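Where a number appears in this text, it was derived from the coordinates with a stated rule and is not lab data. What you see is a predicted model, and the numbers here were worked out from it, not measured in a lab. Please note: Cβ atoms are built from the backbone with ideal geometry, for glycine as well, and neighbour counts cover all protein chains shown.
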Amino acid sequence: MIYLIPELLLVLVGAIGLVIACAPSRERLRAYTVLGGVACIGGAVGAGYLAHLATTAEGAQIAESAPVYLSTTLALDPFSRVFAALALLVCGLTFIFSKEYLERRLDDHQPELLAIIAFASMGMCTLAAARELITIWFSVELLSVCGYVLAAFLKDDERSVEAALKYFILGATSSVFMLFGLSYVYGLTGRLDLVGIMEATAGGNIGVLLPTAAVLMLVGFGFKVAMVPFHMWCPDVYEGAPTPVTAFLSVGPKLAALAALARVFSIAFPHDTARVAWEGVLFWGAILSMTLGNAVALKQSNIKRMLAYSSIAHAGYMLVAVFVTLQTDMALAALSVYAFAYLFMNLGAFAVIIAFSNHTRSDSVRSYNGLAIRSPYLAWSWVVFGISLVGLPPLAGFLGKVFIIMAAVDTGLTWGSPLMWLLIVLVLNSVVSLYYYIGVAGRMFFKPPVTDEPVPVGGGVGTAIGICLAGTFLMVLAAGPIISAIQSSALFVLR
Amino acid sequence: MEFPILSALTYLPLVGALIIICIPRERDEAIKATAASTSALCLALAILAWLAFDNGVGGFQLEERAEWIPQLGISYHMGVDGISMPMVFLTCLVSLVAIAYSWIVKERVKEYFALFLLLQTACVGVFVALDFFLFYIFWEISLVPMYFIIGVWGGPKREYAAIKFFLYTLVGSVLMLLGIIVLYFASGDSPAERTFDIVELIARQPATSLAPGLAMAVFIGFFIAFAIKVPSFPFHTWLPDAHVEAPTAGSVILAGILLKLGSYGMVRINMPLMPEEWMVAAPWIGVLALISIIYGSLAAMAQSDLKKLIAYSSIGHMGFVTLGLAAMNVQGISGAVLQMFSHGLITSCLFLLVGVIYERAHIREINGFGGLGQIMPKYFGVFIFVAMASLGLPALSGFVAELYVLLGTYASGSALETSTEGFAVLMSPWFAYTAIIGIVLTAAYMLWTVQRVFMGEKNERWAGLKDINSLELACLAPLMALTLFVGCYPGPLLRPIEAATMHILGALFGT
């Protein structure tokens, strides 16, 4: 079953990690980091090809011939393969930029950390592809449990342990809400597959329980996405967790949960009151996430916390695309384009932080003063990622934002409609976000450095920054082919 | 295929910047020489482009077109008409002058020149782009280098000024982005029909198919974006800070070119793309322009910092540009474009002159000087010339431009007969009368400044100041020569501008 290659590759990479963990050595760890990273990035290209293949007639035939146990649990459609490519990319980049961190900051169990990241990425793939409730639940739990362990990896550091505990308690609670919602849906419709749920509720007259169940499920997804008001865990966990893990958590689970949100709610609950309920929650969730995320990020003195809040804001932007899934064909394309852009620019920004803190052991915003003199590569990279995160051209984030705005306008924007205000909130939030991203860049360039000592950039993390830079730049310049691939794949999804 | 001269003109500075990045940090002279020669080559290319350009034709010339993102109707489309051609030339000239003047920079030379060249690419790009996507990209890129130029090489409050500049202009740009996307969706019913091409959009007039409220909202979004850049009252407050804190060459580019991007956007996009809304809004735009003129001049008069005075004078002079555009007739618009060109020359000179004195005295307090005329006679002569150009002395370019604007404004207010043929009556002659007050005020503060700085008792504190040197003179000379040339013989410049203006108005009103 060639469509499962991304998942199988991730399991394989993770399993090798566990084998290496039995007899760890420096050389093996290094080889594992590099080869695993390269394999995953290569696999991402392969997954991109699978996404393309799935849009062709021949590819569709292969998907149809899949065994029943597969085709009923996982949607091996282009949309899910696009997110499988994203998962492999996140995993591969995390491997590569963790290299120096693992060697210098962790004393033992380094291969396990990477292996767990690979397993979590597998959960991303299945969550984005899940087409029935049990698989959704399984994927969410796989992602969550891996996340709890990852957050606690600095086991001698109080903040890391606190982060993990907080993540675990809040995560478990939100999972319970979600499970509760899932059980209601099953009880009301007697179906587990999304299409079945839609068919069972098509007749109308679904009462108040189905919308309630949908909203309960949304709590679980909202927690993974870090949608306001389910974002409380995010800053503490991001601050406490080892930085490569933070980078992974800020991109991986978030994107997978957004993809699942788009798929689950638009397929299972397209009918009146249930739809009104989840769309309403998403509308306000998007507005609050964007506004609160950016507003609070302004005041942060720890750069990891700042990026935590900024990632809440980015989730808000992407929620706008999810919000319009049922109203326009462009929504899923917009979500995918933004997801790619977000992956490159956010992982790039985190890679800069990792490279910096590997040397200085500091995450305070103040310590970035004068970085332009100490390491021009890191400083200019930060400028590029920061500008892209704001959404300025000619970088990836701009393309993502344009796509989201286009998807929203494509719904038939009218004067004074809620969507118009949503868009105005969105663009004004980009302006607010400029202040803190470029504010850090200002520190790097305008303030005198604490010391003149250069900041060396390790080979692994330097390469990861380079890959992210290339992705951030090329997405707009090579936008034609990328967009046609994503657009055609997004059109196939709602089957 | 013809040589893509506009692309070459746009990306040559970028190539220069990339070369500079590859030069080792210590080799200052090589970096400066690369920057200067790249910029000089650009000016030569701009002149070549203008020679290849037919001044008598109104539409776009030297066009380049290529597929870029066909799924979204985005193409790589460049071209110039009689309005953008002079602006491209001005950009290349002022950039070269700014880079030449920057020879005195000693700190972080590599980044400085790379950023200046990037800025030049962005500015030329805005003037030649004919696709909204491309236009917006260049428009936004221009903010980034300016932010760093102000922030790294600026004065004491540079961080505040830099972020204020960036935030202010970004608010406008994001509103414009929304407007662009709304117009894109209004340009066709199916994705295949829609386009980002500015020329195509002007032909289709997508705004007419929008709901009236939405169309006006889009118009206001565009207008705010451009008015912030111009800057027109009440969106001007970033300008004095940015100018005062920016290094001299930064101020020159900011005033000489970046402000023109705003007024260029108005004449290229706001007016032809949404003429009905423009006509509705014209009296209000005219009022804002008048307030800018009077308020800018009064505020300039109240300044004690020489650089701040010039900054406020820019607000006043750019008010004439918006006033001329609001008139929406051939004279008004041509005058406005001429004023853009002329202000680009004159204000660049003024900022250079402020830089010259600040470099020597390290203060800019107008009242701290006095009697400089005896100490620096050459400098005095140059300053008088530029001050006269600024206050609109006949035979210098400012006079011609402002005269045209006033004539256009007056005609726009009194041409009752032509209104039936499409040229709407937008404003009353009183707009023209009021604007004249601004000219008087300009004369007042300029002369008063000259008096306080150069006349009176010789101040012994400044007795040791050296007169203007040959590098500085060489920077100023071409700008001054052009000011004089355009003032005496505006024909060659006005011809393409008028042709382009008539082309735009003809397309709108079918005349």
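At a glance:
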{"read-out": "Ordering of B:40-52, A:95-107, B:124-136 by packing [mean C-beta count within 10 Å, highest first]", "value": "B:124-136, A:95-107, B:40-52"}
{"read-out": "Simple label model, 7 Å out from Cα along Cβ direction - A:GLN327 to A:SER65, nm", "value": "4.3"}
{"read-out": "C-alpha long axis of helix A:479-491 to longest principal axis of chain A, angle in °", "value": "30"}
{"read-out": "For the protein assembly as shown, calculated [θ]222 nm from helices alone, where every DSSP H run of n ≥ 4 adds -39500 (n - 2.57)", "value": "-25000 deg cm²/dmol"}
{"read-out": "Segment B:466-504 and segment A:195-255: distance between their alpha carbon centers, rounded to Å", "value": "63"}
{"read-out": "Gap separating the Cα centres of segment B:232-281 and segment A:27-65, nearest whole Å", "value": "50"}
{"read-out": "Residue mean of other protein chain beta carbons inside 10 Å, A:432-444", "value": "3"}
{"read-out": "Rounded tilt (10° steps) of B:143-153 against the dominant C-alpha axis of chain B", "value": "10"}
{"read-out": "Sequence-distant residues sharing a close amide H with A:VAL455 (under 5 Å, placed H)", "value": "A:SER375"}
{"read-out": "Under 5 Å, built H, 5+ apart or other chain: amide partners of A:GLY370", "value": "A:MET444, A:PHE445, A:PHE446, A:LYS447"}
{"read-out": "Simple spin-label estimate for B:ALA33 and A:ILE424 in nanometres, 7 Å along Cα-Cβ", "value": "5.7"}
{"read-out": "Which of A:HIS109, B:HIS243, B:HIS317 has the fewest Cβ neighbours within 10 Å, and the rest in rising order", "value": "A:HIS109, B:HIS243, B:HIS317"}
{"read-out": "Per-peptide average of other Cβ atoms within 10 Å, ordering B:363-371, A:128-136 highest first", "value": "A:128-136, B:363-371"}
{"read-out": "Residue-wise HN-Hα coupling along segment A:79-91, computed from phi with Karplus coefficients 6.51, -1.76, 1.60 (Hz; x: Gly, Pro)", "value": "4, 5, 6, 4, 6, 5, 4, 4, 4, 5, 5, 4, 4"}
{"read-out": "Convex hull volume per residue for segment B:131-230, taking Cα atoms only, in Å³", "value": "93"}
{"read-out": "HN-Hα J in Hz across segment A:255-267 - Karplus 6.51, -1.76, 1.60, θ = phi - 60°, x for Gly and Pro", "value": "5, 4, 5, 5, 4, 5, 3, 4, 6, 4, 6, 6, 8"}
{"read-out": "Euclidean distance of C-alpha centroids, segment A:117-132 and segment A:444-482, integer Å", "value": "29"}
{"read-out": "Hz values of 3J(HN,Hα) by residue in segment B:482-499 - Karplus curve (6.51, -1.76, 1.60), Gly and Pro given as x", "value": "5, 4, 5, 4, 5, x, 7, 9, x, x, x, 7, 5, 4, x, 4, 5, 4"}
{"read-out": "Angle between chain A longest axis and helix A:133-151 axis [Cα atoms, degrees, rounded to 10]", "value": "10"}
{"read-out": "Other-chain or far-sequence residues with amide H under 5 Å of A:ALA130's (modelled H)", "value": "A:ALA75"}
